[in-house]
Structure formats: structure tokens, C-alpha cells
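Chemist: My questions will all concern the structure given below.
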Ligand code: ADP
Ligand code: MG
């Protein structure tokens, strides 16, 4: 986009019918067309220099506004989602987890799971990329215009206890994708377990849940302190769900191992004592 030339802004077109640049900017701001307001002098300059048709000018101007709105809406969705960090499928090394289906992950990133309110359950020991994949799916959903929310079970459990939970609850009900990370590190009280069950039930067939856990389903009775409740919760969670069990090696350990070994070249050229 051409940088606006302030000297050209106030120029009238000769007939005296054109508004000044600043009036135009005021109109645009007044109408909430803030992205266009920022760049309209430059667009006008280019339009004059390149003798655009009225259609080409209008198309360009409205395109700028639409693009700006899309960017701002995405930023709002990202803020509302409380992502701890951004991760992508592109940065996930599938060769490190050969048992994990890359095809299924790519298919899930196509986001039909959001439209069908299908849950994704990522199971496996620490460091295998469960949170990474959950964030990648959530990030893709946010980019595609869906709302989302990330939380860990610990954070959620704290909220479940508060007196304002009834009001907070909709923050976890309305997003199209809810990530509940790290199920398995905290044991829930009876009332927390009941509230979690209610949340999962309320989202059932309504909104997708992406859940990560280092525990097998058999251990959920202990986690929730109630076998019957755990069975009923898993029943709803897993009815429409893709379960990805990642039982490979920890990626964190990979980095640690390679960091602790001297690089071959350095070892070969190191001076002998
Ligand atoms: P988990 O949630 O299973 O404990 P994380 O997703 O937090 O594991 O992964 C730990 C770190 O390793 C993160 O920085 C993550 O981005 C990275 N990581 C894990 N698996 C992979 C992988 N296969 N390719 C690239 N990075 C990975
Ligand atoms: Mg994790």
C-alpha cells in the first residue's frame, strides 16, 4: 500500500465538490471503518496515479476494511482463548512419534470436528506433544473464525470451586472449541467432579472438547473420586471422539539428550589436553 502523502490530502479536485481528506477520514471513522480511515489517503493517491475505475477503487477500499476487520477479530479470538503459547502442526515432528497418525492429525486440522462437535482426546506420558497438538488444533480453529478457550484442569478446578462459577460457566460453554489440558495432575473434590461432569454434559453434541491426559481411562474413577460419575462422564466425552494415544518418547528428553552430548565436530577438533 502506498504511504499517504499528506500534501495531497487537502487538495480539492478543482470543481469544489470533493470533501477534504480529513472530512473523509472523519466520515470513515464515524461509520466505524477504522482500517480504511488509516490508509484512505494512500489509496486515493494510488487511485489517482493509476487512474482506477470507480469499481476498482471501491473494491480496493472495502477490501482493506474487510481485511483489517478480519485481523482484529482474529486478535480478539486469540486474546479470549487464553493460549499459553502458539503451536502449529507444521512445527510438529511426526517422525519423532511414528505411532501417531499424521494423516488423522492433518484431517483433524481440517476442522470438521468443530462443526460436528466431535471431541479429541490426546493420551500419553509427559513430553510427547499432547499440549502442542491441542494448541495447534485450537490455533487452526481460531484462524478459521471459530471461538475457543484453553484451560488446564487445575485452572478449571479452581474456577469450579468459586461462588461465581454459575456466571463463569458460560465462558467454558460458549466457545466452539474448549481445550482442557493436563487432566490427571489434580484430583477433584466431589463438587468439582460434579461441576466438570455438568460442563461435559452441557457441551455434549454442542461444542468440541480437546482434552489431554497422562492417565488411562481406567484411572479416571480415582481422579474424579467417583467411579459411577467417571463412567458417565467418559460415556459422553467418548461417544463422538477421536482418541489419539501417543506412547512414544518425550520430545523434551530428546532436546536434553542432544544438548548433553558434545557435537561430533567439536569433539573431533577439540585440543588434546
Ligand atoms: P505434553 O503435553 O505431551 O507433556 P508438550 O506438547 O508440552 O508435551 O511438548 C513438550 C515440548 O516439546 C513442547 O515445547 C512441544 O512443542 C515440543 N514437542 C513435543 N513433541 C514434539 C514433536 N513431535 N515435534 C516438535 N516439537 C515437539
Ligand atoms: Mg502438556
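The values are calculated or read from the model by the stated rules, or taken from the named source; none is laboratory data. Bear in mind that the values here come from a model prediction, so they are computed numbers and not experimental data. All Cβ positions, glycine included, derive from the backbone under ideal geometry; neighbour counts span all protein chains shown.
Chemist: Across segment 127-149, what is the total count of residues that are farther than 11 Å from residue 83 by Cβ and more than 13 Å from ligand 2 (Cβ to nearest atom)?
Modeler: Total meeting the criteria: 8.
Chemist: Looking at segment 118-148, which of its residues are near ligand 1 (Cβ under 8 Å from one of its atoms), within 24 Å of residue 76 (Cα to Cα) and in contact with a strand residue (DSSP E or B) (Cβ under 9 Å, 6 or more places away or on another chain)?
Modeler: Listed by number, the residues that qualify are 131, 133, 134, 135.
Chemist: Continuing with the same structure: Working only within segment 161-184, note down all residues that are closer than 21 Å to residue 241 by Cβ and touching a helix residue (DSSP H, G or I) at 6+ places or on another chain (Cβ under 7 Å).
Modeler: Across segment 161-184, the qualifying residues are 172, 173, 176, 177, 178, 179, 180, 181, 182, 183, 184.
Chemist: Let me ask something else. Does residue 145 satisfy the criteria of being exposed (fewer than 14 other Cβ atoms within 10 Å of the Cβ) and at pLDDT 95 or above?
Modeler: yes
Chemist: While we're looking at this one, here's another question. Inspect segment 73-92 for any residue being over 26 Å from residue 236 (Cα atoms), over 14 Å from the mean Cα position of the chain (by Cα), free of Cβ contacts under 8 Å to residues at least 24 places away in the same chain and in a helix (DSSP H, G or I) and give the result as yes or no.
Modeler: no
Chemist: Restricting the search to segment 232-251, which residues are surrounded by 16 or more Cβ atoms within 10 Å (Cβ to Cβ), part of a helix (DSSP H, G or I) and either modelled with pLDDT of 95 or more or away from ligand 1 (no atom under 16 Å from the Cβ) (or both)?
Modeler: Scanning segment 232-251 gives 233, 234, 236, 237.
Chemist: Moving to a separate point now. Residues being more than 16 Å from ligand 1 (Cβ to nearest atom) and touching a residue at least 24 places away in the same chain (Cβ under 8 Å): count how many of those fall in segment 157-188.
Modeler: So the answer is 14.
Chemist: So how many residues does segment 93-117 have that are within 11 Å of ligand 1 (Cβ to nearest atom), touching a residue at least 40 places away in the same chain (Cβ under 8 Å) and either in a helix (DSSP H, G or I) or within 20 Å of residue 179 (Cα to Cα) (or both)?
Modeler: Total satisfying the criteria: 3.
Chemist: Just to check your reading of the model, which residue among 44, 31, 104 is surrounded by 13 or more Cβ atoms within 10 Å (Cβ to Cβ) and either at negative phi or in contact with a helix residue (DSSP H, G or I) (Cβ under 6 Å, 6 or more places away or on another chain) (or both)?
Modeler: One residue alone meets the criteria, 44.
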